[in-house]
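S.K.: Right, I'll just put the structure down here and ask away after.
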Amino acid sequence: MSSNPFISPFDALPATLPIFPLAGAIVLPRTELPLNIFEPRYLKMVEDALGSHRMIGMIQPDPSARNDAAVYRTGCAGRITQYRETSDCRIEMVLTGVCRFDVGEELPTTRGYRMIMPDWSRFADDYVEHDEVLRPRHAQLIESLKHYFDVNDLEADIPMLERLPTARLVDSLVLALPLESAEKQMLLESVSAMERLENFVALLEGDFDIPDSATRH
């Protein structure tokens, strides 16, 4: 991943990061998240990001917290890789996931959106390709996906899924499948690629309970 000239090296990730709290929306490293931006504060956020490091932190609000502004502890930064202004003053864009972060100090701003000091330290592994490690589990993953699709009456191109690298298949489906917000958050917070694969398979097979003590900020 670090060979991409448009992606910051791990040791050069920004010290401050605007965050976009949005329920049900996550991005993972090397995945793509399309977004439709229309609120004035977030239009300003995109404008400011384009003028600096082009990165925005996607993070989910915590629905169980009494404070409406509460967000989960962990999100993922994405870089704006596609951008289009519409005639009705919206922005259609794509974020490509770069690296996850833990929420650090929140900073005062005058632009309406929220800014934090991200802590990247737990997620250096996001810069490592994992397919060699995960590939031995690929057949099990495909069988679990077949079970999930059958139970939920969903259609999928299984031969195409079989050809995808294992890590890319897991992370893409975490975004694409109709999982609950708490399930997506649990997978986002699974630090290693193997942990995420194991938790994802457990979810597909209906054998995983989301803990009540989800990490929050």
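S.K.: Given Cα pairs under 8 Å that are at least 6 residues apart, what percent is the relative contact order of the chain?
M.R.: RCO, the chain: 23 percent.
S.K.: Now a separate question. Work out the FRET efficiency for THR16 and ASP150 from their Cβ-Cβ distance, taking R0 = 35 Å, and round it to the nearest 0.05.
M.R.: 0.15
S.K.: Identify the GluC sites (Glu not before Pro) of region 135-170 meeting these criteria: DSSP loop state and at most 12 other C-beta atoms within 10 Å of the C-beta.
M.R.: Here the sparse-neighbourhood loop sites are GLU155.
S.K.: By how many nm would the segment from ALA65 to GLU205 grow when fully extended, if each residue of separation counts as 0.36 nm and the alpha-carbon distance is taken off?
M.R.: 47.5 nm
S.K.: Which net charge results for the neighbourhood of PHE20, defined as the other residues with beta-carbon distances under 11 angstrom from its beta-carbon, given Lys and Arg at +1 and Asp and Glu at -1?
M.R.: Charge balance in the 11 Å sphere: +1.
S.K.: Could you please report the charge total around ILE158, scoring K, R as +1 and D, E as -1 over all other residues with beta-carbon less than 13 angstrom from its beta-carbon?
M.R.: -3
S.K.: Any idea how far the Cα center of region 156-211 sits from the one of region 24-87, in Å?
M.R.: Result: 21 Å between the Cα centres.
S.K.: Assign one of three labels to region 1-122, namely rounded, prolate or oblate, based on the Cα gyration tensor with a ≥ b ≥ c the square roots of its eigenvalues; rounded applies when a/c is under 1.5, prolate when it is not and a/b is larger than b/c, and oblate otherwise.
M.R.: rounded
S.K.: Would you calculate a helix-derived [θ] at 222 nm for the chain, using -39,500 (n - 2.57) for each DSSP H run of n ≥ 4 and dividing by the full residue count, to the nearest 500?
M.R.: -8500 deg cm²/dmol
S.K.: Starting from a Cα-only point model with no solvent, please compute log10 I(q)/I(0) by Debye for region 131-204 at q = 0.16, 0.19, 0.26, 0.28 1/Å.
M.R.: Ignoring solvent entirely, the Cα scatterers give -0.51, -0.74, -1.41, -1.59.
Every read-out reported here was derived from the displayed coordinates using simple, explicitly stated rules and does not represent laboratory data. All figures in this text were calculated on a predicted structure; none of them were measured in a lab. Here the Cβ is made from the backbone with ideal geometry for all residues, glycine too, and neighbour counts use every protein chain on show.
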